[in-house]
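FYI, it's all coordinate maths here, none of it is from the lab. Note that the coordinates shown come from a computational prediction; the quantities given were computed from them, not determined experimentally. Every residue, glycine among them, receives a Cβ derived from its backbone with ideal geometry; neighbour counts consider all protein chains shown.
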Amino acid sequence: MGRRLCLAGFLVRVRTTRYEKKKGEWIYRCRCFQTMYTCIYLELHAHLNGCISSATMKKLMAQKPYLQIQNGMTVIDKGKKRTLDDITFMMFHVLFLNQITKDIIKEFAADGVKYLELRSTPREEKSTGMTKRMYVETVLEGIKQCKEEGLDIDVRLLIAINRRSGPVVAKQTVKLAEEFLLSTDGVVVGLDLSGDPTAGHGQDFLEPLSEAKKAGLKLALHLSEIPNQEEETKILLGLPPDRIGHGTFLNSATAGSEELVPLVRQNHIPIELCMTSNIKTQTVPSCDKHHFGYWYNMGHPAVLCVSFLILTMYLGKEPN
Ligand SMILES: [Zn+2]
């Protein structure tokens, strides 16, 4: 299903009126420009390893039947579990990673998405010879090949810093991202900060993220995904980031949170909201309790995103 959103993230689903040609049909009207014609499809929060479809997994497994898949989980259909090991294993192989990237782009394109930002943490694996640089190059090659095939979709890449890897690795990731920012003619647009929100402290990543910002990399940071992170969120909002991922507890009633909302609003920082992901991972109990309404009602830029497509069939913890 396509997500109809405008660039500023304001969207209203309304019925057409008698003043419009398609009377009575559902259309998507862009609040920021007060016209439906500026709406386009875009996906801004898509983790590469979280968007591998069942069809792709089956295809890749069929190509390598001798692979040992842990827990014997070889069926990846909807409603049946896939393991994170399955996915991680696939992503350590250049051929597989290239295929995964292309398949994801083609599936988003088939879904009507016109602008797609993928995000992924560079991985290295000695057993397959994969280095972090090769990892990024392989994803970029997949993006390039899709472009050469003439797919009607503009794809960019955010290189992700995994919180669990700590600040030293974060600095290395920033250096890598800076190089690709300069060499990819705008395909690498910035950095993502993600991973286990309980790992490390936001302060640990302030220096590398500041460096990245100075170098011209855009920052899309997962912030306040879990409660009681006001202190680190406030520190990272000081950068300020260019977009916020989730921000589930930015507007919570806990002590310290009252300072966060004004900071976000003053800097007009758009928030990437991933309803299905939040509900599946149980950080939000239901759609009607989701913070989309809070931000939308105050007219703050908020963009509906997918995050992890596989969460529609996998109910465990999010991969990093
Ligand atoms: Zn995310």
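Couple of notes before you dig in:
- Of all residues making up the stretch 101-116, the number that are in contact (Cβ under 8 Å) with a residue 12 or more places away in the chain, surrounded by fewer than 23 Cβ atoms within 10 Å (Cβ to Cβ) and not acidic (Asp, Glu): 6
This table checks each residue for (1) farther than 12 Å from residue 269 by Cα; (2) touching a Leu at 6+ places or on another chain (Cβ under 7 Å).
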| residue | (1), (2) |
| --- | --- |
| 205 | yes, yes |
| 213 | yes, yes |
| 216 | yes, yes |
| 225 | yes, no |
| 239 | no, yes |
| 244 | no, yes |
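- Taken over the stretch 259-292, residues that are more than 16 Å from the ligand (Cβ to nearest atom) and over 26 Å from residue 218 (Cα atoms) amount to 5.
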